[in-house]
Structures are given as C-alpha cells and as structure tokens.
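K.L.:
Can you keep this structure in mind? I'll have questions shortly.
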Amino acid sequence: MTPIPPPTGCLACGACCHSRSPTFVRITGKDWTRLGDRVEALAHFIGHRAYMRMQDDHCAALALRRDAADQPEYFCTIYEQRPQVCRDLQRGSLQCAAERELKSGLIGR
C-alpha cells in the first residue's frame, strides 16, 4: 500500500487531533506538569489515568482559523507544552497517513 502523501503542512490537516474517544490522548505525569496552569482546562482523569479533554470530536487544545483563501487551518494552542505522544508523531509517517485515512470523515465538519 502506498502511503497517502502528507499535506503541505500540519496546519492544513489536523487529523491526528480528531477523535470521538474521550481516552484518545493519554497523558503522563510529565505531560500533566508541562501543561502548567492550563492543565485543569485541557486535561482530566478518567479512572486513574489522565487524558486530554476532547470537545467537538477533537482535542480541546486544537483551534481552527481560516487563512487568507478561507481555507481551514488547524493549530495547537499548546504546541510548546503538547503531550509527548503528540511530539512523537512525525508528519508524513505511516502513523500520520493512518490518522488521515481513518479520520477523513471527522475533519472539516
């Protein structure tokens, strides 16, 4: 199988930030600390594990804006503090292609 070509940039995609699962982005203790004073708004516990909050089928830290051509741009409002799992995902990787393939119906709604 040939991987789907990556978008020109992550701002044009956002697939990795979308999910209907409240346990999609698990965070560690280091991630919790890194989120600093925004942690309570963006993360929560389900049982004894911490996760990023999800809203409208995407991570609560994801924001949408329109570029000059009125095209959507997806950007992380906590990019410098983002969880390690987000840091580890490489644009254009097989995991990135899988996210785009699986979530094409969630994005842009």
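K.L.:
Which ³J(HN,Hα) values, rounded to whole Hz and listed in residue order, are derived for the stretch 62-67 from phi using the Karplus coefficients 6.51, -1.76 and 1.60 in 6.51 cos²θ - 1.76 cosθ + 1.60 with θ = phi - 60°, glycine and proline given as x?
P.N.:
So the Karplus estimates, Gly and Pro as x, are 7, 10, 10, 9, 10, 7 Hz.
K.L.:
I've got another one for you. Mind checking the dipole of the stretch 50-109: about its Cα centre, +1 per Lys or Arg Cβ, -1 per Asp or Glu Cβ, Debye to the nearest 20?
P.N.:
80 debye
K.L.:
Given points 7 Å out from each Cα along the Cα-Cβ axis, report the residue 46 to residue 12 separation in nanometres with one decimal.
P.N.:
3.2 nm
K.L.:
Here's something else I'd like to know. Check which residues have an amide H placed less than 5 Å from residue 50's amide H, if you skip close sequence neighbours.
P.N.:
So residue 50 has HN proximity to 27.
K.L.:
Got a sec to turn the phi values of the stretch 17-30 into Karplus ³J(HN,Hα) couplings, 6.51 cos²θ - 1.76 cosθ + 1.60 with θ = phi - 60°, whole Hz, x for Gly and Pro?
P.N.:
For the stretch 17-30, the Karplus curve yields 9, 9, 5, 8, 7, x, 10, 5, 10, 6, 10, 8, x, 5 Hz.
K.L.:
Pop out the ³J(HN,Hα) list for the stretch 89-100 in order, Karplus 6.51 cos²θ - 1.76 cosθ + 1.60 with θ = phi - 60°, rounded to Hz; leave Gly and Pro as x.
P.N.:
6, 9, 4, x, 6, 4, 5, 4, 4, 5, 4, 5
K.L.:
Describe numerically, in nm with one decimal, the distance between label points set 7 Å from Cα along Cα→Cβ at residue 30 and at residue 101.
P.N.:
Each label point is offset 7 Å from its Cα along the Cβ direction, giving 3.0 nm.
K.L.:
What relative contact order, as a whole-number percentage, does the chain give when Cα pairs under 8 Å and 6 or more residues apart are counted?
P.N.:
37 percent
K.L.:
Tell me the net charge near residue 23. Cut-off is 12 Å between Cβ atoms, residue 23 excluded, with +1 for each Lys or Arg and -1 for each Asp or Glu.
P.N.:
Cβ neighbours under 12 Å give a net charge of +4.
K.L.:
Now for a separate question. To the nearest 500 deg cm²/dmol, what mean residue ellipticity at 222 nm is calculated for the chain from DSSP H runs of n ≥ 4 alone, each contributing -39,500 (n - 2.57), summed and divided by the residues?
P.N.:
Helix-only estimate at 222 nm: -5000 deg cm²/dmol.
K.L.:
Additional query: Under a 10 Å cutoff between Cα atoms, tell me which one of 90, 55, 71 has the largest fluctuation in the Gaussian network model of the chain.
P.N.:
71
Quick note: the coordinates plus some simple rules give every number you see, no bench work behind them. Every value quoted in this text rests on a predicted model; they were computed, and no experiment measured them. Neighbour counts are summed over all protein chains in view; Cβ atoms, including those assigned to glycine, are modelled from backbone coordinates with ideal geometry.
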